[in-house]
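Below is one structure; the comments refer to it alone.
Bear in mind these aren't lab numbers, they're just calculated from the coordinates by the rules spelled out. Keep in mind the model is a prediction, meaning the values are calculated, not measured. Cβ placement follows ideal geometry from the backbone for every residue including glycine, while neighbour counts extend to all protein chains displayed.
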Amino acid sequence: MLPAVRSEHLSLGACALGLAVGLGVAIPTARGDAKSPTIGVDEIKEGMKGYGLTVFKGTEPERFDVEVIGVLHNFRPGQELILVKTPHPRLNITKNVKGMSGSPIYLDGRLAGAYAYSWASFQVEPVAGVTPIAPMLAEMRRPIPAGFWPLEGAAPLPRAHGASSETAPRHAMNDGAPSGNATPNSTTAYDGTPGEYDLEAHAAQVASRMGMRPDPTRPLVAAGTPLMLSGMGDRAAALARKLFEPLGMEPLQTGGGSAKVTADTPQHYVDGGAVGVQFVSGDVSMMGLGTVTHVEGTKLCGFGHPMMGMGDTALPAVIGRVHWIFASDQHSSKIGEAARALGALVQDRQSSIVVDEKAVPPMFPLTVDIKGAEGSPKSKWAMDVAEEKFMTSGLVAASLGSVVEATVSERRDVTWRMVSKLSVRGHGTIELEDFGVAIGGTPDQDEWARSRIVRIVGDVLNNPWELPRIEKIQSTLSVQYTRDLVRLRGVELLDPVVDAGERARIKLHLVPLAGPEVTRVMEVVLPKELAGKDVEIELIPGYEVSPEVAAPESLTDLLVNATKQTTLPRSMVAQIKLASLGVSYKGHVAKRLPGFALDALRPASNDIGPDPFISYLRTELPLDRYVDGHGKVKVKVRAPVR
């Protein structure tokens, strides 16, 4: 069981003392005129001067001057914004900086808030918006809901999207079998039918709930969170941008990688120090970078705005190391890497993120072995991936894409096959196969977003029945530098009229990349029930045919179904649509049933009956290559002579 997050509050006296020590403020103990370690918005006046703390290089915070311009009231619901100038030799060049979000601002020797907002683009002077400290401290002291997984090892609270954890009902939905339109139980959950996960649809759902793209109608926007990418190629980075940019993060290919602890690496977070959220570490790394506003005990608040607005969460946190502030006419950004893994992001709120040094976030190892890429400088890759309902499937897709792009990127044809073993705690290990042919280069990144391993990861983490824990993913990618593909040039019906119960022969004309056309003959049995009909036979590549499976009613069903998603990939399938329907019911599939059987299966005490589906008669012809193309023929089925 993972350790619980501490939720007890410090006493007011202890809080005040902690703040005073952190800010170096002397508080008289014999008199009642002690100055508060924080300054409220109502005390802030135009022209007041002070300073801020941030890391310009390395891990040590440095001062920069600030001067108050004014206060914007009700900038956010129940939240003001302090406008300040930040004259400084470096900031005069870089203007506003992504990654400085959270830098503490002090006025009159007291903590006023966090550097957090800027003009959307093309800022010509160093002016920033400061989130007041009061709501940030309130978020830092907000307790984690009782039972919140994974920080206490229990199941997540089943709450509707947008509902508060504290008031949510603690019951499951409809005996554990939700409909495809069930309301998601968190901001980042997938709202869809179990077993039909789609990463791009999930990304669109999450973006619509908490999307944070700059709004041209608003002059002030969150300074933004730079997402440092290392070990990631151009195509994989493009996928990361597509998935995570709408959530307020800006993916940057900066290098750096996982935490590199040195003798001078801080042991703990400090006010004004760099803090990161590390989604992936290892040979591929993805880290969001910002700044600590204030540390209190084992907790800190930072950023001054949400990272993604996820609310209660549990993502790996790190002490950051800054290499440089990259100046840009559009929006400058800190460039950095992880210096030390420490604790977890536990709250992601309107005014602040909250990190707890003692929280242990859930992660799992992802390994990829490359076979067939002779001479590649790296054939074994290892990463640790954060576990979260939305982030994880996208992280796995981007990481796999990165590995393939770095290892087998070619300008020649590539046939690839990836076998992945997914281990889920309490459910053993399943094996899945992804495959394809990339003509003239590496597989397209969208293929990884649609891959079976990515889909099942999303399905597992968003399942409505039980708390999942992914233990590991082990993938082996085999590549051949050939086009293991033939094109279906056409089909020819050799027997246009066939007696019921007999076979119709269909000749396939297959054209390889090089060499002469190849022909193969399929024989399709036409059952007696089709007598007297003109029957259409559809020819489809085997990798496009999904066998019928029963709707899952448990995580076990979901995992079993995942192993049955396609027929033989290198094949051609002839399918005939039948008049009779098939049904799936209570975990079982019956492909052909008469109408009266459907009525007999429908229970009288409720309306949860069998799910009908169109039934097909299928014939499979194994081939030695993948097929590109479809065909149709129509055959007349004669009734038998009496």
Could the peptides 546-558, 228-240, 65-77 be put in order, highest first, of the mean number of other beta-carbon atoms found within 10 Å of their residues? 228-240, 546-558, 65-77
HN-Hα couplings for the stretch 75-83 via Karplus (6.51, -1.76, 1.60; θ = phi - 60°), in whole Hz with x for Gly/Pro, come out as 4, 10, x, x, 9, 8, 9, 9, 9
In which sequence would Trp416, Trp448 go, from the one with the fewest C-beta neighbours within 10 Å to the one with the most? Trp416, Trp448
Under the Karplus relation 6.51 cos²θ - 1.76 cosθ + 1.60, θ = phi - 60°, what is the ordered set of whole-Hz ³J(HN,Hα) values for the stretch 308-313, x standing for Gly and Pro? 9, x, 7, x, 4, 7
Show which lysines lie in cross-link reach of Lys528 when reach means a straight Cα distance below 22 angstrom and same-chain residues fewer than eight apart are skipped. Lys577, Lys591, Lys632, Lys634, Lys636
Could you give the length gained by full extension between Ile93 and Arg76, i.e. 0.36 nm per residue of separation minus their alpha carbon distance, to one decimal place? 3.2 nm
Straight-line reach from Lys389: which aspartates and glutamates have Cα under 12 Å away, leaving out those fewer than 8 places along the same chain? Asp191, Asp459
Do the alpha carbons of any pairs in Lys57/Lys260; Lys45/Lys85; Lys378/Lys421; Lys371/Lys472 sit beyond 18 Å of each other, and which pairs? Lys378/Lys421; Lys371/Lys472
Let a ≥ b ≥ c be the square roots of the eigenvalues of the Cα gyration tensor of the stretch 364-480; is it rounded (a/c under 1.5), or, if not, prolate (a/b larger than b/c) or oblate? prolate
Excluding residues fewer than 8 positions from Lys95 in its own chain, the aspartates and glutamates with Cα under 17 Å of it are Glu62, Asp65, Glu67, Glu125, Asp329
Taking amide H positions as placed in the peptide plane 1.01 Å from N, state which residues far from Gly320 in sequence (5 or more) or on other chains have amide H under 5 Å from it. Ala274, Val275, Gly276, Ala339
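Order by neighbour count: Ser478, Ser208, fewest other Cβ atoms within 10 Å first, most last.
Ordered by Cβ neighbours within 10 Å, fewest first: Ser208, Ser478.
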Arrange the following residues from fewest to most other Cβ atoms within 10 Å of their Cβ: Ser281, Ser451, Ser571, Ser379. Ser379, Ser571, Ser281, Ser451
